[in-house]
Amino acid sequence: RHRFLKADPDRPILPPEDIFLKEQQFFDRTRAFAALSLRPPGGGGSRFAQDDQPAQQDGEPAAQGDQPGAQHDEEAVVARTVAESTPWARPLPDVSVERGATAPMARLQKHIDATPYRILLVADSEGRRETLLDMLRDHQIEPVSVGTLAEFESGDEKVAITAAPISEGFFWFEPDARRTIQFITENELFASGATPRKRRRGQEQTSSVDALIKDLSELKPGDPVVHASHGIGRYQGLINIDLGEGPSEFLHLEYADKATLYVPVAQLALISRYTGVSAEEAPLHKLGSGQWDKARRKAAEQVRDAAAELLNLYARRAARDGHSHRFSPHDYEAFATSFGFEETPDQRAAIHAVIQDLVSPKPMDRLVCGDVGFGKTEVALRAAFVAVHGGKQVALLAPTTLLAEQHFQTISSRFGQWPVKVAEMSRFRTAKEIKTAMEGLADGTIDIIVGTHKLLSADVKFKRLGLLIIDEEHRFGVRHKEAMKALRAEVDVLTLTATPIPRTLGMALEGLRDLSVIATAPQRRLAIKTFVRNESLGTIREAVLRELKRGGQVYFLHNEVETIPNRLEKLQQLLPEARIAIAHGQMPERELESVMRDFVAQRINVLLCSTIIETGIDVPTANTIVISRADKFGLAQLHQLRGRVGRSHHQAYAYLMVPDVEGLTKQAAQRLDAIQAMEELGSGFYLAMHDLEIRGAGEVLGENQSGNMMEVGFQLYNDMLAEAVRALRSGHEPDLLSPTGAFGGGIDIKLHAPALLPDAYCGDVQTRLSLYKRLATAERPDTLDALLEEITDRFGKLPPQGQALFDTHRLRILAKSYGVLKVDANPKVMNITFKPNPPVDPMRIIELVQKNRAVKLAGNDRLRIDREIAEPRDRAQYVRDLLRSLGPPKVAA
């Protein structure tokens with residue numbers, strides 16, 4: 001301790017009374033406040049027995065559910081304090097039964113009659129409250145509707161209903177039992193209410209890469225966005241404007257020179273997030289100038305060329321016949337059983353997709369994206385088993401020697417019971433071992449080879465290579481990628497990555513590469529707690545000793561090889577109780593291998609290392625990492641390094657040390673903020689996109705294209721690329737600049753009625769924005785039907801404004817296929833404007849005009865309908881029927 005005090009004069013140890021309150025002082029100070037005590041059902045909260053009686057008072061025996069020894073002196077003090085405070089709460093007795101039965105209401109009525117307490121029913125939202133009220137009234141339960149708790153407390157009604165985002169009910173005790181309130185939520189009433197169903201449906205929505213990219217982070221005021229017709233502006237929030245037909249909701253965008261643009265929420269398909277540089281540095285366009293037209297024209301040319309190049313590459317690959325692997329299901333099951341864990345649903349789906357690829361004659365090119373430690377390696381092992389069982393050789397390519405060694409150990413262990421020969425080619429192997437491995441590959445005696453870029457050298461020859469597995473492809477250099485491309489033309493390819501680069505994601509998005517996402521964390525895995533701290537001896541000692549005292553191990557990352565011996569000396573002085581060793585890439589291979597084996601075997605408990613540990617080292621007992629000069633690392637790299645810990649069910653910690661938190665550069669601060677904020681499991685995708693925003697799009701498609709991408713934004717560029725690929729695939733020239741193309745203004749639908757989700761119906765702005773975006777990008781009627789079902793389930797029956805919003809989008813989807821540019825349907829007259837040469841038979845239009853007096857031709861591309869229809873819903877239906885009467889469209893617009 002004396003040594004520690006000398007080592008850290010900045011943080012002297014204070015006497016306890018200067019830091020802590022005594023127990024009685026603490027409770028004396030809290031007595032002035034109300035106490036809220038919530039306990040989970042059955043989890044040691046014995047005083048909160050599952051009945052309608054208040055909590056046990058002092059001196060009463062514990063309820064039967066108590067665990068032996070659970071009642072400590074401190075708990076007794078807390079219980080006494082709670083009992084003396086007013087008001088306080090405890091969990092609710094179970095009142096839920098199966099959803100959809102009539103029993104919940106009968107049971108609720110019985111409960112209301114029996115309980116002496118007042119009851120407040122809580123619905124998820126205003127809309128759900130109205131729906132629930134109708135159901136309650138159908139069963140002769142008549143609660144009053146209240147807006148606030150105070151409103152209910154001030155009245156005398158026994159039962160009321162309100163809207164609040166509460167998922168579990170509880171008791172709110174007052175000294176007067178008649179004023180005690182029992183909260184019962186809608187979810188509990190039906191056992192599986194709107195919230196769980198909403199969450200499941202949300203997960204289905206985000207399972208595609210498209211949703212993953214587009215809904216990465218919700219739009220906040222000040223964020224840059226791209227409008228397809230007007231360019232880059234800044235989102236300032238949602239605003240209600242009354243144009244004389246009732247209030248409608250608009251996006252408020254601000255452009256250069258403080259110019260303002262209001263975009264109707266029905267046209268949200270025209271808006272995309274701008275990613276390319278940080279929000280503050282986004283290049284805002286000037287409204288009405290030719291600046292945006294010029295930028296989008298250049299980008300459209302580049303997109304067309306890029307799409308053609310990508311299609312050519314993948315067409316050549318698809319043209320050849322792949323190998324259809326055959327294997328014994330019985331043997332495969334035996335191999336799968338040797339996996340010591342239960343597969344997560346995502347992992348199971350990825351394995352299934354890979355095996356389907358292998359048994360089909362089409363060549364496989366699949367990307368498996370999964371966060372660090374989410375089980376990508378097991379997917380590769382199953383694929384390797386199928387390929388080897390079918391008589392083919394497998395090559396696993398790793399970016400670092402350590403990772404290759406780890407993969408070799410894993411594969412040797414898993415295939416130990418099978419007649420499979422595994423070899424390794426890396427710096428850890430002698431020249432003789434490498435020569436023997438190369439001979440084995442050439443004569444076919446080696447089945448699986450694991451190695452670094454040595455595998456890509458020209459003198460490595462395979463007899464019957466069938467599967468190439470690439471771990472973290474983006475970490476290889478350009479020359480190595482060219483060698484991979486040559487191999488790719490001949491064999492099935494499986495690529496594993498934790499933080500996909502945007503180009504890779506983009507190619508998967510366009511269907512040029514197959515993609516499997518493993519987004520579910522393994523069971524019992526905990527998120528890594530991440531701290532950004534000023535580097536000090538006291539913090540380092542505290543962090544390391546906390547881990548060592550629980551029997552764990554620590555990575556200490558110091559990424560300057562020249563000064564690593566100095567750091568070792570300082571750490572040995574600071575931590576005399578630790579067993580410290582050095583590992584970095586410039587060490588002799590055998591020495592490095594020996595150190596790593598000692599660390600895995602726990603003969604060393606602090607590994608002072610460089611970024612050589614970045615990929616793949618799996619040591620379950622190492623659960624703290626200290627990263628010196630964290631401000632010098634990129635976001636994806638920090639995420640990878642942090643992923644070295646937390647590989648088991650123990651809580652892991654990452655300490656990002658910087659010289660001065662206050663003095664960080666803007667970009668370094670943004671990076672560290674992002675990684676600290678995104679410590680939850682599965683955040684690799686999000687971090688990859690944050691990295692794109694912080695450091696710019698860079699060489700996503702090479703130097704030429706990146707400039708144009710910066711001009712129009714990554715997401716819109718991707719949308720254009722998708723459209724160009726679709727057009728070229730179907731044999732058409734991409735039409736990116738037409739009014740309905742990727743850069744056009746879309747279809748303008750005006751029903752002259754408020755079309756929005758009112759604030760009282762869906763109160764959260766971010767939720768509304770997300771729903772507006774999903775509506776605006778829906779391309780099929782069944783997508784709208786599913787959305788309508790979801791929104792009704794979450795918020796209740798649609799109000800008229802919401803109905804008008806859905807009618808607008810139903811009309812938009814149909815009108816697009818007929819080549820319509822604009823529909824203006826007011827109560828007295830309707831106009832439908834078509835694009836030049838729409839996909840409609842001209843004779844059908846002439847017949848329509850001849851048969852229907854109300855319909856007239858107004859110029860070459862416009863129909864005018866003189867007909868009075870009061871209801872916006874009926875007007876939308878009339879236009880839909882009129883378009884259908886023109887027959888099916890000739891080709892897709």
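So for the range 622-633 (the condition being of a type in the set (G, A, S), open to solvent by 10 Å² or more (accessible area, probe 1.4 Å) and not in a loop (DSSP other than H, G, I, E, B)), does at least one residue qualify? No, that holds for no residue.
For the range 619-631, the tally of residues that are over 19 Å from R603 (Cα atoms) and out of contact with any strand residue (DSSP E or B) (no Cβ under 9 Å at 6 or more places or on another chain) stands at 0. For the range 441-457, a tally of residues being charged (D, E, K, R) and either under 10 Å from T401 (Cα atoms) or open to solvent by less than 20 Å² (accessible area, probe 1.4 Å) (or both) returns 0. Within the bounds of the range 312-329, is there any residue that is in a helix (DSSP H, G or I), at pLDDT 80 or above and of a type in the set (A, V, I, L, M, F, W, C)? Checking the range 312-329: not a single residue is in a helix (DSSP H, G or I), at pLDDT 80 or above and of a type in the set (A, V, I, L, M, F, W, C).
Identify, please: which residue in the range 405-427 is modelled with pLDDT under 90 and in contact with a Ser or Thr (Cβ under 6 Å, 6 or more places away or on another chain) and is, among those, most open to solvent (accessible area, probe 1.4 Å)? Filtering first and then ranking leaves R427. Only strands (runs of 3 or more DSSP E) whose full extent lies in the range 106-194 are considered here, and the ones with at least 1 residues that are of a type in the set (V, I, T), open to solvent by 10 Å² or more (accessible area, probe 1.4 Å) and touching a helix residue (DSSP H, G or I) at 6+ places or on another chain (Cβ under 7 Å) are 159-163.
Against the definition (under 30 Å from R867 (Cα atoms) and crowded, with 16+ Cβ neighbours inside 10 Å), how does F806 come out, yes or no? Criteria met by F806. Within the set V354, V368, the sole residue that is open to solvent by less than 20 Å² (accessible area, probe 1.4 Å) and either touching a Leu at 6+ places or on another chain (Cβ under 6 Å) or of a type in the set (D, E) (or both) turns out to be V368. Of all the residues in the range 546-556, those that are in a helix (DSSP H, G or I) and surrounded by 15 or more Cβ atoms within 10 Å (Cβ to Cβ) number 2. Among the residues of the range 557-612, the ones that are of a type in the set (D, E, K, R) and surrounded by 20 or more Cβ atoms within 10 Å (Cβ to Cβ) come to 0 in all. Checking L402 against (1) within 36 Å of the chain's Cα centre (by Cα); (2) open to solvent by 50 Å² or more (accessible area, probe 1.4 Å); (3) of a type in the set (A, V, I, L, M): exactly one of these is not met. Which one? Against the list (1) within 36 Å of the chain's Cα centre (by Cα); (2) open to solvent by 50 Å² or more (accessible area, probe 1.4 Å); (3) of a type in the set (A, V, I, L, M), L402 comes up short only on (2).
Under the condition of being surrounded by fewer than 18 Cβ atoms within 10 Å (Cβ to Cβ) and more than 13 Å from M720 (Cβ to Cβ), which residue from the range 285-307 is modelled with the highest pLDDT?
If we take residues in the range 285-307 being surrounded by fewer than 18 Cβ atoms within 10 Å (Cβ to Cβ) and more than 13 Å from M720 (Cβ to Cβ), then K286 is modelled with the highest pLDDT.
Any idea how many residues of the range 533-545 are open to solvent by less than 10 Å² (accessible area, probe 1.4 Å) and charged (D, E, K, R)?
Residues that pass the stated criteria total 0.
Does the range 859-867 contain any residue that is open to solvent by 70 Å² or more (accessible area, probe 1.4 Å), under 21 Å from E249 (Cβ atoms) and modelled with pLDDT of 90 or more? Among the residues of the range 859-867, not one is open to solvent by 70 Å² or more (accessible area, probe 1.4 Å), under 21 Å from E249 (Cβ atoms) and modelled with pLDDT of 90 or more, which makes the answer no. Whether a residue is β-branched (V, I, T) and more than 21 Å from F415 (Cβ to Cβ) was assessed, and T344 passes this test.
Residues in the range 736-768 that are surrounded by fewer than 18 Cβ atoms within 10 Å (Cβ to Cβ), at pLDDT below 70 and in contact with a helix residue (DSSP H, G or I) (Cβ under 8 Å, 6 or more places away or on another chain): L737, T740, G745.
The values are calculated or read from the model by the stated rules, or taken from the named source; none is laboratory data. The model shown is predicted, which means the values in this text are computed figures rather than measured ones. Quick reminder, even Gly has a Cβ in these numbers, built from the backbone with ideal geometry, and neighbours come from all protein chains shown. Ligands, DNA and RNA are stripped out before the accessible areas are found, and what is left, the full protein with its side chains, is counted by its heavy atoms. Shrake-Rupley method; radii C 1.70, N 1.55, O 1.52, S 1.80 Å.
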